Amino acid sequence: MSFSVQFLGATEQVTGSLYLVRTANHQVLLECGMVQGGRAAEEANADPFPFDVADIDAVVISHAHIDHSGRVPLLVRRGYTGPIYTQHASKALLEIMLPDSGYINEKDAQWENKRRRKNGKPLVEPLYTRVDAENSLTQIDSIAYNEPTAIVPGLELTLHDAGHILGSSIVELTCTDDGRKRRLVFSGDLGYRDAPVMDSPVQLAKADAVMLESTYGDRLHRDFEHTIEELTELFTTARAGSGNVLIPAFTVGRTQDLLYLMLKHEKEWRIDKWNVFIDSPMGIAATNTYARYRHLYDVDLFEPGSSRPALPNVHMTRTTEESMSINTIESGAIIIAGSGMCTGGRIHHHLKNNIWRPECHLMIVGYQAIGTLGRRIVDGADKIKLWGNQYPVRSKVWTVGGLSAHGDQDDLVDWYAGFDGRPPVYLVHGEQDAQEPLAKRLQTELGAPVDIARSGMRVEIG
């Protein structure tokens, strides 16, 4: 019985996850993510899918981040009518994130068409709308961790905790034919051992092939104690300088990690002297979801029986008016706002009002894809452009790598080392500069048969 996987996205790049799993009689789409990283890269999202949508029998989504799930509404819009499998908490997060993505697509199309009308150019359609996203949610069939589920005849899905964000999953697909079992294991995005909130990724032992993410395959995260020392220095410096702290944070995962660390180090960082703003309706909704599914992790982030973080001076700013009022505050504000790569959202308004002020601080706490505004700032841009205006970068920029939600090279190698018999491993979700050092280490230390997945490459399992 044929059992194969074809790599169609997130090959030699971090975003745009898309893989096609084939058995003798069925096709299953593993991930349906959005390409991120600037206008040129993101235009690829509107391209036709590299398969016939009508041939897809089931879809599996490892977790709710948009680079893994963001084209699900487009898939449905283009004719997919089958089930979409994901973990229970991931479904809850997708109910927040996909409609928000549709809304952003609509707004982006409105802005682009405003420009096109002035220049007499043809108008564009949004990639998909909020209604498209809401329609796609009706097809989601959520399952628990460690609950084997037949998704098509002869193919069983089991999800395991990946420790990356709430509901994130390692995907195990087991194909059975005439009593013979073959297993494909996809790491999804793996968390790391010192993660503030999430548990460590589950270790599996059996696989005939492994797909391994490689976002940080070329580096080791700083020791977490050093990260805490750096954050202590940041807050101490910022408080002494009477400025604001801006944190462009992914609304799912990073925001909740930051809230927990502020709670844990409340006295040390003098958080009671700050006003902490979660300036994101989606971030607030995601935080409420973390409260709802608090049984999936082991730390106390919330007040008992409440979805309110157990942190003093926390302000949830849902409305535009509430968000705008933050910009009247010149000092003493910690502002957590999306987007995490500074590609849009409310963080742009806070950058406009603060990035030119030397007494202010910008804390970068996650991966910044090539082509994004966040990446340009991290790479040392001396000015940025927002709404057609230039703003000098005078605020101090802190890159706090220890808060990544991804495992580092050690985490990735150790996780793969847990498999019996060194199954073939295919590196996905990483830039080439990150993948080559990881491949070399897997080969030299573990004798692993490693390939860097190329776009369109197809491999047989077992």
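Annotation: the residues Ser90, Ser2, sorted from fewest to most other C-beta atoms within 10 Å of their own C-beta, follow the order Ser2, Ser90. Taking the fewest neighbouring Cβ atoms within 10 Å as the starting point, the ordered list for His315, His349, His164 is His315, His349, His164. Under the convention that each Lys and Arg Cβ holds +1 and each Asp and Glu Cβ holds -1, the size of the dipole of the chain around its Cα centre is about 1620 debye.
Using the Karplus relation 6.51 cos²θ - 1.76 cosθ + 1.60 with θ = phi - 60°, the per-residue 3J(HN,Hα) values for the range 48-62 come to x, 5, x, 6, 7, 4, 5, 8, 7, 9, 7, 10, 10, 10, 6 Hz, with x marking Gly and Pro. Ellipticity at 222 nm from helices only: DSSP H runs of n ≥ 4 in the chain, each -39500 (n - 2.57), divided by the residue count, give -9000 deg cm²/dmol. Only one residue of Tyr216, Pro423, Ile247 has its Cα farthest out toward the positive end of the dipole of the chain, where Lys and Arg carry +1 and Asp and Glu -1 on Cβ, and that residue is Ile247. Evaluated with a Cβ-only charge set (Lys, Arg +1; Asp, Glu -1), the range 224-403 carries a dipole of roughly 540 debye about its Cα centre, given to the nearest 20. Size descriptors for the range 224-403, from the alpha-carbon set: Rg then Dmax equal 15.4, 47 Å. Ranked by how many other Cβ atoms sit within 10 Å of their own Cβ, fewest first, the residues Thr317, Thr215 fall in the order Thr317, Thr215. Within the range 4-91, the chymotrypsin sites (Phe, Trp or Tyr not before Pro) that combine a DSSP coil assignment with at most 16 other C-beta atoms in a 10 angstrom radius are Phe51.
Dipole of the range 1-115 computed with +1 at Lys/Arg Cβ and -1 at Asp/Glu Cβ about the Cα centre; of Thr81, Ala40, His63, farthest Cα towards the positive end is Thr81.
Couplings 3J(HN,Hα) of the range 441-455, computed from phi: 5, 4, 6, 6, 8, 10, x, 6, x, 10, 10, 8, 4, 9, 4 Hz, in residue order, whole Hz [Karplus 6.51 cos²θ - 1.76 cosθ + 1.60, θ = phi - 60°; x for Gly and Pro]. The long axis of helix 254-264 is offset from the longest Cα principal axis of the chain by roughly 60 degrees.
Dipole of the chain computed with +1 at Lys/Arg Cβ and -1 at Asp/Glu Cβ about the Cα centre; of Leu159, Thr320, Ile140, farthest Cα towards the positive end is Thr320.
Direction-averaged projected area, Cα convex hull, the range 1-148: 9.5 nm², rounded to one decimal.
Taking the longest Cα principal axis of the chain as reference, the axis of helix 88-119 is set at about 70 degrees. With θ taken as phi - 60° and the Karplus curve 6.51 cos²θ - 1.76 cosθ + 1.60 applied, the whole-hertz 3J(HN,Hα) list for the range 187-192 is 4, x, 8, 8, x, 10 Hz, x standing for glycine and proline.
Dipole check for the range 4-129: with +1 at the C-beta of Lys and Arg, -1 at the C-beta of Asp and Glu, and the Cα centre as origin, the magnitude is about 580 Debye.
The orientation-averaged shadow of the Cα convex hull for the chain, equal to a quarter of the hull surface, comes to 21.4 nm².
Every read-out reported here was derived from the displayed coordinates using simple, explicitly stated rules and does not represent laboratory data. It should be emphasised that the depicted structure is a prediction, and the values quoted were computed from it without experimental measurement. Don't worry about glycine lacking a Cβ; one is built from the backbone with ideal geometry, like all the others, and counts go over all protein chains shown.
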